[in-house]
Each structure stands twice: as structure tokens, then as C-alpha cells.
Amino acid sequence: MADVLDDRQIHQAMSEHPHWESRDGALMRSVHAPDFIGGIRLVDEVAVVAEGLNHHPDIDIRWTTVTFHLSTHSEGGVTKHDVELAGRIDEIVDRLFG
């Protein structure tokens with residue numbers, strides 16, 4: 001189990017991951033892919049990483065916009081696992097669309 005981060009810890013994490021925002025007990029980022037296939041490729045690569053971490057995001061796909069919501073549901077908020085996955089998603093986005 002992981003401890004839920006407090007507001008100060010979340011704020012610090014957001015300074016390290018500026019593309020993310022904290023909203024309603026979750027971290028959120030929307031990514032605009034160049035085309036639909038690019039968005040699906042992003043989701044596919046994030047799925048592989050998430051499975052390896054055994055920590056899975058909620059994902060919304062709207063044509064070329066992919067939105068990730070990260071929260072540790074079992075803990076009821078944002079934990080270090082969500083911050084780690086946010087960083088990994090950032091790496092994938094930079095590599096695919098950088």
C-alpha cells in the first residue's frame with residue numbers, strides 16, 4: 001500500500017511534471033496526437049508500461065486527444081505510484097511526439 005500524497009507533495013510533484021494538473025483527487029493530462037493512429041499508439045505504449053508497473057490509468061480517447069487520469073483507487077487519492085506513472089507517460093509522449 002502507498003500513502004496518499006498531501007497537497008504540498010502533489011504541488012511539488014506537479015512542479016516536476018508541468019504538463020499534469022491535480023483535479024478531483026487525481027492527476028490529469030491531455031495529449032494531442034498528430035492523428036488518431038498516433039493517439040492509439042500512445043495508449044498502446046502506456047498500456048505496456050502500466051501493466052509492468054501493475055498500476056493502470058483511466059484513459060479517455062476523443063479522436064486525436066488522449067486524456068489520462070491517475071489515481072490509486074484502493075487508497076482513495078494520488079500516491080507515489082501515480083507520480084511515477086505520470087513521469088513514464090511524459091517520457092513516452094516526448095519520444096513519440098517530441
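The values are calculated or read from the model by the stated rules, or taken from the named source; none is laboratory data. It should be emphasised that the depicted structure is a prediction, and the values quoted were computed from it without experimental measurement. Cβ atoms come from the backbone with ideal geometry, glycine included; neighbour counts cover every protein chain shown.
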Worksheet item: Is it the case that region 82-95 has a residue that's loosely packed, with under 14 Cβ neighbours inside 10 Å and at positive phi?
Response: no
Worksheet item: Out of all the residues in region 34-43, is one or more under 12 Å from the mean Cα position of the chain (by Cα), of a type in the set (A, V, I, L, M, F, W, C), part of a strand (DSSP E or B) and at pLDDT 95 or above?
Response: no
Discussion item. Condition (residue is free of Cβ contacts under 8 Å to residues at least 40 places away in the same chain, surrounded by 14 or more Cβ atoms within 10 Å (Cβ to Cβ) and farther than 24 Å from Arg95 by Cβ) applied to region 30-52: is it met by at least one residue?
Written reply: no
Worksheet item: Which residues, taken from region 1-33, are under 23 Å from Phe97 (Cα atoms) and either assigned to a helix (DSSP H, G or I) or β-branched (Val, Ile, Thr) (or both)?
Response: Ala13, Met14, Ser15, Glu16, Val31
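Return the residue satisfying two criteria in turn: it lies in region 62-81 and is of a type in the set (A, V, I, L, M, F, W, C) and surrounded by 15 or more Cβ atoms within 10 Å (Cβ to Cβ), and of such residues it is farthest from Val48 (Cα to Cα). Give the steps one after another, and end with the answer.
From region 62-81, those of a type in the set (A, V, I, L, M, F, W, C) are 63, 66, 68, 70, 78; that's our starting set.
Within this subset, residues satisfying the condition of being surrounded by 15 or more Cβ atoms within 10 Å (Cβ to Cβ) are 66, 68, 70, 78.
On the way: Val66: 16, Phe68: 15, Leu70: 16, Val78: 21 Å.
Once the filter is applied, the top-ranked residue is Val78.
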